[in-house]
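Reading through the structure tokens given below for one structure.
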Amino acid sequence: MSAEVQTKQAVLEPMPTMEEQQTTRPADGSAVLIQALKDQGVEVIFGYPGGAVLPIYDALYKDPIPHVLARHEQGAIHAAEGYARVSGKPGVVIATSGPGATNLVTGITDAMMDSLPLVVFTGQVASSVIGTDAFQEADIIGITQPITKHNYQVRDVADFPRIIKEAFHIASTGRRGPVVVDIPKNVATEVFTTPESFDVEVDLPGYQPTTTPNFLQIQKAVHTLTHAKKPIILAGAGILHAQAMDELKEFVERHRIPVTNTLLGLGSIPGDHELFLGMAGMHGTYTANMALSECDVLLNIGARFDDRLTGNLKTFAPNAKVIHIDIDPAEIGKNVPTEIPIVADAKEALKALLAADMYSPETEEWIESLVKKTEDFPLWYKEDDSALLPQQAIQIIHRLTNGDAIVTTDVGQHQMWAAQYYALNNPDHWVTSGGLGTMGFGFPAAIGAQFAKPDKRVVAIVGDAGFQMTAQELSLLQEFRIPVKVVILNNGALGMVRQWQETFYDERYSQSLIPVQPNFVKLAEAYDIKGYRINSPEEAEAVFAEALLSDEPVLIDCRVKQQENVYPMVAPGKGLHEMIGVSGK
């Protein structure tokens, strides 16, 4: 991009050096928090103030860290997720007690399911009234216990430095995830008299993630792969979290083993690689799904075998010996029986496999059969001269951005089309809501991604329904002059719901069609953002070229064919080999 993101002056101010930060010690709990966040190298906070966190925001005013005032707490936490996914650093969120904290629950759950590191600070009523149903009181510890990696309630101001160090450590190590720190208002204002507590090191005997693979298990994997005739690698998001893309590519090329991705693993290997079969799962490619169905050895690296990937477990990879590498031992054997479990960081495991004395399996005949499948059953759609198809729109976006944009999505048809037709050239350029499938995620996640990578082009591909759930965050685009490109694939419907009703409910479209829509161009203009509308295939190329190559934030209302469906598709309860819509012939 020719110009980097220009942010507010507060964002551009240089962070104080560690020596400057240590010349004065913080005086109260809120100041301790700000100091501790600076010690962790926090670059930006996404938040929304309220009564219980006023002392924290007052401390932030006196000792600034760049802060993004979202227009809703859900926007703040999804932006933090986008920042975390692209930067690899924990996203930081602050919200007040009660409704402020509960508005974060969807984002916390989303981050937990997709292994995104967040540290979330929630205000709480004073300790003396906790449990009395005080104004804006909610038991956020109880609410978030099932959806966080860990959570804390700070009871003593002296514990603040330790808790914050531990929170960041837990969020960003092992299988990453969200950590909540609940701060009663009185603790935020308590006098801090123990500066030595800043020097406490993280010491968590009960939390020691295994990162190095077991030597004997690696040897078993090597032996099994060497004798395979039809091996396949399933590469999940664990590859990306471990930054193991180079090791994966080297292993794949050295031993000539085909590879497929989960939805969240896209980008872990270049989309145009000769051994890449495409995404697997419910809307995966025919080749990828049949490879999983026919393989004799399945090497899963950093994927959790969720139901949208496997289809009917009774028919999943029926002839395969399964090798499963995962940083989280709870995922191994949870859904799919595993012959060779390897608990390890994906990068360390691949390093061990590369260092092993492994003979390459004889795979050329297997590869040839998979190439033939791709030739016979590629992704397809039928062109319609009367309407722009969403697949065409995404192909145009891909061509104009050279496959190098950071792409964010919500959940639904547009998400699947983007996964199918926007082949990623680089890792960490794909930001989507996988496990939870959260509408409203894509647009604020794009804002967070742009803060993480201000020199990259960021495109939010969203649906018309999901976009309206967090559209208020348009305010941030002009406020911070963030050049995010918002592409609304507008089919006037809850697209995936409508497709399921067409396919499985005899076309009974119950509450899935949206007859009244806002004028999205005028909505953009109300926020002082350039808006475009595409009504036909003839307009698409020129409008996309002007809008996507601009250095300004833009919104594109792209009117697409309502009745278009995502294919291929594995119906609920069916196996991967039982896809429908495999061919348009």
Gln478: assigned to a helix (DSSP H, G or I), within 27 Å of the chain's Cα centre (by Cα) and surrounded by fewer than 20 Cβ atoms within 10 Å (Cβ to Cβ), yes or no? yes
Quick check on my filter: what residues within the stretch 457-474 are open to solvent by less than 10 Å² (accessible area, probe 1.4 Å) and part of a loop (DSSP other than H, G, I, E, B)? Thr470
Within the stretch 385-425, how many residues turn out to be touching a Lys or Arg at 6+ places or on another chain (Cβ under 9 Å) and open to solvent by 30 Å² or more (accessible area, probe 1.4 Å)? 2
Output the residues belonging to the stretch 170-201 that are surrounded by fewer than 22 Cβ atoms within 10 Å (Cβ to Cβ), free of Cβ contacts under 8 Å to residues at least 40 places away in the same chain and under 33 Å from the mean Cα position of the chain (by Cα). Thr173, Val200, Glu201
Regarding Thr285, is this residue under 19 Å from Pro572 (Cβ atoms), touching a strand residue (DSSP E or B) at 6+ places or on another chain (Cβ under 7 Å) and of a type in the set (Val, Ile, Thr)? no
Which of the residues spanning the stretch 435-451 are more than 12 Å from the chain's Cα centre (by Cα) and either in the same structural domain as Ala76 (by TED's automatic domain parsing) or polar (S, T, N, Q) (or both)? Gln450
Quick check, is Gly47 assigned to a helix (DSSP H, G or I), open to solvent by less than 10 Å² (accessible area, probe 1.4 Å) and among the small types (Gly, Ala, Ser)? no
Taking the stated definitions as given, is Ala445 within 23 Å of His72 (Cα to Cα) and touching a His at 6+ places or on another chain (Cβ under 9 Å)? yes
Out of (1) surrounded by fewer than 18 Cβ atoms within 10 Å (Cβ to Cβ); (2) within 30 Å of the chain's Cα centre (by Cα); (3) in contact (Cβ under 8 Å) with a residue 40 or more places away in the chain, the one Lys220 does not meet is (2)
Among the residues listed as Glu294, Glu274, Glu364, the single one being free of Cβ contacts under 8 Å to residues at least 12 places away in the same chain and open to solvent by 50 Å² or more (accessible area, probe 1.4 Å): Glu274
Is it true that some residue in the stretch 367-380 is in contact with a strand residue (DSSP E or B) (Cβ under 6 Å, 6 or more places away or on another chain) and either crowded, with 19+ Cβ neighbours inside 10 Å or assigned by TED's automatic domain parsing to the domain that holds Met279 (or both)? no
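One line per residue, one yes/no per condition, for (1) farther than 18 Å from Gly463 by Cα; (2) open to solvent by less than 70 Å² (accessible area, probe 1.4 Å); (3) acidic (Asp, Glu); (4) without any contact (Cβ under 8 Å) to a residue 12 or more places away in the chain:
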site	(1), (2), (3), (4)
Leu513	no, no, no, no
Gln517	no, yes, no, no
Val521	no, yes, no, no
Arg533	no, no, no, no
Glu538	yes, no, yes, yes
Glu541	yes, no, yes, no
Ala545	yes, yes, no, no
How many residues, within the stretch 503-545, are among the hydroxyl-bearing types (Ser, Thr, Tyr), touching a helix residue (DSSP H, G or I) at 6+ places or on another chain (Cβ under 9 Å) and more than 18 Å from Leu489 (Cβ to Cβ)? 3
Only one of these is closer than 29 Å to Arg85 by Cα and touching a His at 6+ places or on another chain (Cβ under 8 Å): Ala393, Ala405. Name it. Ala405
Quick test of your reading of the structure: Asp63 fulfils all but one of (1) under 25 Å from the mean Cα position of the chain (by Cα); (2) charged (D, E, K, R); (3) open to solvent by 10 Å² or more (accessible area, probe 1.4 Å). Name the failing condition by number. (1)
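The values are calculated or read from the model by the stated rules, or taken from the named source; none is laboratory data. Bear in mind that the values here come from a model prediction, so they are computed numbers and not experimental data. Every residue, glycine among them, receives a Cβ derived from its backbone with ideal geometry; neighbour counts consider all protein chains shown. Accessible surface is based on the protein model in full, side chains and every heavy atom, while ligands, DNA and RNA are left aside. Shrake-Rupley method; radii C 1.70, N 1.55, O 1.52, S 1.80 Å.
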